[in-house]
Amino acid sequence: MSAYFSWSARLLAVNTPDARFVRHRSFEAFLDPDLSRKPDWRDSNFWLVPGLFDKRHYSLRGVVPSDKFYLRHQNHRVKLQEFRPGDTQFAKDATFEITPPLATGELETGGLSLRSYNFPNLYLRHRNFEMWVEEFQDNDTYRKDATFRLRNSALQP
């Protein structure tokens, strides 16, 4: 099994001038400045856990509001929603494959990309500081928008 299973982590975008992390706000995912010293700091922390649909891949479980909430894509928008056991569509939407980074030169810095399990031509990316899964585009902007670095969080298992 991978060392990432049940690891508390934050996703840092590689191509913003200030440190911006994936976080949820009003149950939608955004790319926001570092909140590690703010009251809402837990919103940018996730547990990287075995995939809900395929344990060989990964899901991002939210820390708040409870451990039943996961990041998933729905109509291409990434949202934080409550998982109900048996919901196969949700499980597929919340499962991602970690791939080498799409952005050139990011492998050495720990970069990675997240590909949708059920739509393998879609990658997690930021656009206008919102999180989406969108079809791969072979250009520098898309590649950078779909590349992240995992950072430790302050959470304990």
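Quick notes on this one:
- Here residue 86 meets each of (1) modelled with pLDDT of 95 or more; (2) in contact with a strand residue (DSSP E or B) (Cβ under 7 Å, 6 or more places away or on another chain); (3) farther than 18 Å from residue 133 by Cβ with one exception, condition (2).
One line per residue, one yes/no per condition, for (1) among the small types (Gly, Ala, Ser); (2) more than 24 Å from residue 26 (Cβ to Cβ):
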| residue | (1), (2) |
| --- | --- |
| 59 | yes, no |
| 63 | no, no |
| 73 | no, no |
| 84 | no, no |
| 94 | yes, no |
| 140 | no, yes |
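- Residues being open to solvent by less than 70 Å² (accessible area, probe 1.4 Å) and modelled with pLDDT of 95 or more - total across region 91-110: 12
- Residues satisfying the stated conditions in region 106-157, i.e. in contact (Cβ under 8 Å) with a residue 24 or more places away in the chain, at positive phi and not aromatic (Phe, Trp, Tyr): 110
- So residue 106, is it within 18 Å of residue 11 (Cβ to Cβ) and either over 15 Å from the mean Cα position of the chain (by Cα) or in a loop (DSSP other than H, G, I, E, B) (or both): yes
- Selected residue [modelled with pLDDT under 85 and closer than 18 Å to residue 82 by Cα] from 36, 66: 66
- Test for residue 71: is it of a type in the set (A, V, I, L, M, F, W, C) and surrounded by 21 or more Cβ atoms within 10 Å (Cβ to Cβ): yes
- Evaluation of residue 28 against the conditions (1) within 21 Å of residue 145 (Cα to Cα); (2) touching a residue at least 24 places away in the same chain (Cβ under 8 Å); (3) open to solvent by less than 40 Å² (accessible area, probe 1.4 Å); (4) not hydroxyl-bearing (Ser, Thr, Tyr) shows that the sole unmet condition is (3).
- Residue list for region 111-156, restricted to those being open to solvent by less than 40 Å² (accessible area, probe 1.4 Å) and among the small types (Gly, Ala, Ser): 111, 113, 116, 146, 153
The values are calculated or read from the model by the stated rules, or taken from the named source; none is laboratory data. Predicted, not measured: the structure shown is a model, and the values here were computed from it. Don't worry about glycine lacking a Cβ; one is built from the backbone with ideal geometry, like all the others, and counts go over all protein chains shown. The accessibility values were calculated without ligands, DNA or RNA, using every heavy atom of the protein model including side chains. Shrake-Rupley method; radii C 1.70, N 1.55, O 1.52, S 1.80 Å.
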